[in-house]
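Participant: Attaching a single structure in structure tokens format; questions to follow.
The values are calculated or read from the model by the stated rules, or taken from the named source; none is laboratory data. From a predicted model like this one, the values you see are computed outputs, not experimental measurements. As a convention, Cβ positions derive from the backbone with ideal geometry for all residues, glycine included, and neighbour counts pool all protein chains shown. We work out accessible area using only protein heavy atoms, side chains counted, and drop any ligands, DNA or RNA first. Shrake-Rupley method; radii C 1.70, N 1.55, O 1.52, S 1.80 Å.
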Amino acid sequence: MAAEHPGRTASGGTDPAPGTAATAPVAGLPASATEADGSAVVRVLSYNIRSMRDDQAALARVIRACAPDLVLVQEAPRFFRWRKAAERLARASGLVYVTGGASTAGPMILAHLRAHVERTEDVLLPRTPGLHQRGLATAVLRFAGARLGAVSCHLSLDARERYGQAGLLLERVAGLGAPHTVVGGDLNDRPDGRSFRRIAGLLRDGWAAEPWGGEHTSTPHRPRQRIDAVFTTDGVEILGCGVPRELPGLRTADLLAASDHLPVLAALRVPAGG
């Protein structure tokens, strides 16, 4: 089932972080920018925040240090007063709430005031009896002259259900009606898994295309697997993607305290038009 929301406007020396196994050389990740031709450099953060059950102040500091234009959240608060918790996180992070949360069984989107939110849609995926409900938070946004679709996802722990959800995710991306789209999520699958490969077969895997920072996202204290990722459709230039490490204001202690996942940060150049 899906729920449509009306468009709204949201104008808009550190410790090395964990996740150092299988890393690329760390260089500066491009800052957000609007370019002369109307294209936009957009920073996208994908982050499983474990329902904000960990250190919320550390979580907000991590997000602020990453300076994202979009945050594609997994495991957002879903129960009692979940909207207040989402708004509190957005405010503490210098962002605004866009869509998702309990309405999508966990995925949520936050954005910087730079973004103009054209429309949103909350999607609940078919549920297998005995397994958790899953969903997708989706939006179409404008950054200056660039139009970008965004999807946050958190796929099933069950391999068969997860593979089906990967297909539904790709269908949703194709039907989003945006010229370019970014997908961020906790896939509960590694790059050699069937579901990860199904998505990467049609979308570009940010780490594989332009590795930056660290690769492994789980778990923060001993990162040894990549189950969180950022993908884009063709036409989006990936300028760098990976676990943030050496960013101003980002501390290892905060990454360890904020969640049981490490975030994935990507810088994308989105063409004008659409």
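Participant: Express as a percent, rounded to the nearest 5, the fraction of DSSP beta bridges in the chain (both residues included) that run antiparallel.
Facilitator: Approximately 80 percent, going by the DSSP bridge assignments.
Participant: Shifting gears a bit: Sort 203-212, 237-246 by the packing proxy (mean of other Cβ within 10 Å over each peptide's residues), most packed first.
Facilitator: So the peptides 203-212, 237-246, ranked by packing, come out 237-246, 203-212.
Participant: Based solely on its DSSP helices, what 222 nm [θ] is calculated for the chain when runs of n ≥ 4 H residues each add -39,500 (n - 2.57) and the sum is averaged over all residues, nearest 500 deg cm²/dmol?
Facilitator: Calculated at 222 nm, the ellipticity per residue is -6000 deg cm²/dmol.
Participant: Could you check the spin-label model distance between residue 225 and residue 35? Points 7 Å from the Cα along Cα→Cβ, value in nm.
Facilitator: Taking the simple label geometry, residue 225 and residue 35 are separated by 3.7 nm.
Participant: When the accessible area of the stretch 171-274 is split by element with a 1.4 Å probe, what percent falls to carbon and sulfur?
Facilitator: Whole-percent figure for carbon plus sulfur exposure: 46.
Participant: Per 0.36 nm of contour for each residue apart, how much would the distance between residue 81 and residue 113 grow if the chain were fully extended, relative to their Cα-Cα spacing?
Facilitator: Roughly 9.1 nm would be gained on extension.
Participant: Sticking with this one: Calculate one ³J(HN,Hα) per residue across the stretch 63-76 by plugging θ = phi - 60° into the Karplus curve 6.51 cos²θ - 1.76 cosθ + 1.60, and present them in order as whole Hz with x for glycine and proline.
Facilitator: So the J values, rounded to whole Hz, are 4, 4, 5, 6, 6, x, 8, 9, 10, 9, 9, 10, 6, 5.
Participant: Distance between the C-alpha centers of the stretch 170-213 and the stretch 26-87? Whole Å please.
Facilitator: The distance from the Cα centre of the stretch 170-213 to that of the stretch 26-87 comes to 18 Å.
Participant: Same structure, new question: For the chain, what is the accessible area per residue in Å² when the probe is 1.4 Å?
Facilitator: Spelled out: the 1.4 Å probe surface of the chain, per residue, equals 40 Å².
Participant: From the backbone phi of the stretch 153-162, what are the Karplus-calculated ³J(HN,Hα) couplings (6.51 cos²θ - 1.76 cosθ + 1.60, θ = phi - 60°) in whole Hz, Gly and Pro given as x?
Facilitator: Per-residue couplings from phi come out as 9, 9, 7, 5, 6, 7, 4, 5, 5, 4 Hz.
Participant: If I model a spin label as a point 7 Å beyond the Cα along the Cα-Cβ vector, how far apart are those points for residue 194 and residue 133 in nm?
Facilitator: 2.7
Participant: Write down the percent of antiparallel bridges among all DSSP beta bridges whose residues are both part of the stretch 68-181, to the nearest 5.
Facilitator: Values: 24 of 25 bridges.
Taking every DSSP beta bridge within the stretch 68-181, about 95 percent pair in antiparallel fashion.
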